[in-house]
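Novice: Would you mind keeping the following structure in view while I ask a few things?
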Amino acid sequence: MSKKVVTLGEIMMRLSTPGFQRFEQSTSFDVTYGGGEANVAAAICNYGLEGRFVSKVPKDALGQAAINHLRRYGVDTQFVARGGDRIGIYFLETGASMRASKVIYDRAGAAIADVDASEFDFDKIFEGADWFHTTGITPALSDKAAALTLEALKAAKAKGITTSIDLNYRKKLWSKEKAREVMTKLCQYVDVCIGNEEDADTTLGFKSEGTDVTKGELNLDGYKSVFKQMQAKFGFKYIASTLRESHSASDNGWSALVYDGTEFYHTKEYEVRIVDRVGSGDSFASGFIYGLVSGKTMAESAEFGVAASALKHTIHGDLNQVTVEEVMGIVKGDGSGRVQR
């Protein structure tokens, strides 16, 4: 039987300037939809598994458009609640060379922020599920959204379902102090923790010494120290971090480090030319989850995840539009980009 992965979070409307235009010069926006947990659910479906997305969207045409977008990829949206006043929006200006990308949020008062756990039947939602995934973005939206996230994690754990969280700190949504208070509670119910070095510091207070991504320098020993501290405090089965070396807005080094409480594994490193980096962390998370839930080893899962996310950097939009076969081609070393006929 196919494995089933459930995700919970917000789906947003994305309005991006065409090409590499700046906000001030653009006269139009390209529209798509995405969000951390929605991106994971869609990628899981692209890999041939069952992806189920849980959220709340307004009962209007924009809410339906967001749902329809996910249904294109086979995502199960039957447990998305309808209500509230609006869908969250974010504006994206894609950077190039030394000019960084910019994101402007317009998500205050979004439907998912005004939510109650009573709107969801977790017995039905988690029926037949093998995995539950969420991120640190959802609890940052409101106290109600944080309470819903905690309720979902507790329900999944009670059913023996593997749980994962991508730390995903967003400073525009909450303070470090609030993030650490909430995320420390949530992580007590998490089996697999995913996040980069900044997220581990801001959300949980663990810092990797000797790392400065702006200088293109990584200190793996610092990460290993942080992973050991995290595992000792929360008992995570697996901890994973993507490792980004930011040479510029256009060119990054990309790899991942994973830990199972005993062994560390550093993946192959990729040099990526960036078309769109939004959703790259989600594409790693979905690839890593796919590997683990499908019975691959930690190392195999990490290699799949980092190859999938390397490919995502070349694709416009939040979602990773790739197949298992395409990812495995990269894993096996076919990164030439030659035309396939």
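The values are calculated or read from the model by the stated rules, or taken from the named source; none is laboratory data. Note that the structure is a prediction, hence the values are computed from the model and not measured. Here Cβ is always computed from backbone atoms with ideal geometry, including for glycine, and neighbour counts include all displayed protein chains. These area figures cover heavy atoms from the full protein model, side chains too; ligands, DNA and RNA do not enter into them. Shrake-Rupley method; radii C 1.70, N 1.55, O 1.52, S 1.80 Å.
Novice: Which trypsin sites (Lys or Arg not before Pro) in region 43-125 pass both tests, a DSSP loop state and at most 14 other beta-carbon atoms within 10 Å?
Specialist: In loop regions of region 43-125 (DSSP not H, G, I, E or B), the sparsely surrounded trypsin sites (Lys or Arg not before Pro) are LYS59, ARG72.
Novice: Aspartates and glutamates within cross-link reach of LYS4: Cα-Cα under 15 Å, excluding same-chain residues under 8 positions apart?
Specialist: Cross-link targets: GLU37, GLU50, ASP76, ASP123, GLU127, ASP130.
Novice: If amide hydrogens are placed 1.01 Å from N in the peptide plane, which non-local residues have theirs closer than 5 Å to the one on ARG99?
Specialist: ALA249
Novice: Another question, then. Taking the Cβ of MET230 as the center, what net charge do the other residues with Cβ under 12 Å away carry, scoring Lys and Arg +1 and Asp and Glu -1?
Specialist: +2
Novice: So, one more: Any idea how far apart SER101 and GLU326 come out in nm if each label point goes 7 Å out from Cα toward Cβ?
Specialist: 1.7 nm
Novice: Here is the link list: LYS3/LYS59; LYS157/LYS332; LYS159/LYS228. Which ones come out longer than 32 Å on Cα distance?
Specialist: Too far apart for the 32 Å limit: LYS157/LYS332.
Novice: Mind giving me the FRET efficiency for LYS171 and THR27? R0 is 30 Å, r the Cβ-Cβ distance, nearest 0.05 is fine.
Specialist: Between LYS171 and THR27 the formula returns 0.50.
Novice: To continue, here is another question. Report the local net charge at TRP254: Lys and Arg +1, Asp and Glu -1, summed over other residues whose C-beta lies under 12 Å from its C-beta.
Specialist: +1
Novice: Right, something else. Positive end of the dipole of the chain, charges at C-beta (+1 Lys, Arg; -1 Asp, Glu), about the Cα centre: which of VAL5, ALA65, GLY295 has its Cα farthest in that direction?
Specialist: Ranked along the dipole, the leading option is ALA65.
Novice: Taking the alpha-carbon set of region 214-341, what are its Rg and Dmax in Å?
Specialist: 14.7, 52
Novice: Now for a separate question. What's the longest piece of the chain with no exposed GluC sites (Glu not before Pro), counting a site as exposed if DSSP puts it in a loop and it has at most 16 other beta carbons within 10 Å?
Specialist: 25-126
Novice: When the dipole is taken about the Cα centre of region 108-263, and only Lys, Arg (+1) and Asp, Glu (-1) are charged at their Cβ, what size is it in debye, to the nearest 20?
Specialist: 340 debye
Novice: Just list whichever of LYS171/LYS296; LYS56/LYS185; LYS172/LYS312 have alpha carbons separated by over 32 Å in the model shown.
Specialist: LYS171/LYS296
Novice: Taking all protein chains as present, what is the carbon and sulfur share of the accessible area of the chain, in % to the nearest whole number, probe 1.4 Å?
Specialist: Ligands and nucleic acids excluded, carbon and sulfur reach 47 percent.
Novice: May I ask you to rank ASP116, ASP106, ASP191 by accessible area, largest first, using a 1.4 Å probe over the protein chains only?
Specialist: Ranked list, largest accessible area first: ASP116, ASP106, ASP191.
Novice: Please state the charge dipole magnitude for region 25-89, taken about the Cα centre, from unit charges on C-beta atoms (+1 on K and R, -1 on D and E), reported in debye and rounded to the nearest 20.
Specialist: I would put it at about 160 debye.
Novice: Among the helices of the chain (complete DSSP H runs), which have Cα atoms covering no less than 18 Å along the helix axis and a Kyte-Doolittle mean of at least 0.0?
Specialist: Span-like helices, by this rule, are 143-158, 280-293, 298-312.
Novice: Near the amide H of VAL54, under 5 Å away, which other amide H atoms are found, from residues 5 or more places off or on another chain, if H is placed in the peptide plane?
Specialist: THR7, LEU8, GLY9
Novice: So how strong a dipole does the chain carry about its Cα centre when Lys and Arg Cβ are +1 and Asp and Glu Cβ are -1, to the nearest 20 debye?
Specialist: For the chain, the charge dipole is close to 240 debye.
Novice: Additional query: Could you tell me which of rounded, prolate or oblate describes the chain, using a ≥ b ≥ c as the square roots of the eigenvalues of the alpha-carbon gyration tensor, with rounded for a/c under 1.5 and, failing that, prolate when a/b is larger than b/c and oblate otherwise?
Specialist: Rounded, because the longest to shortest axis ratio a/c is under 1.5.
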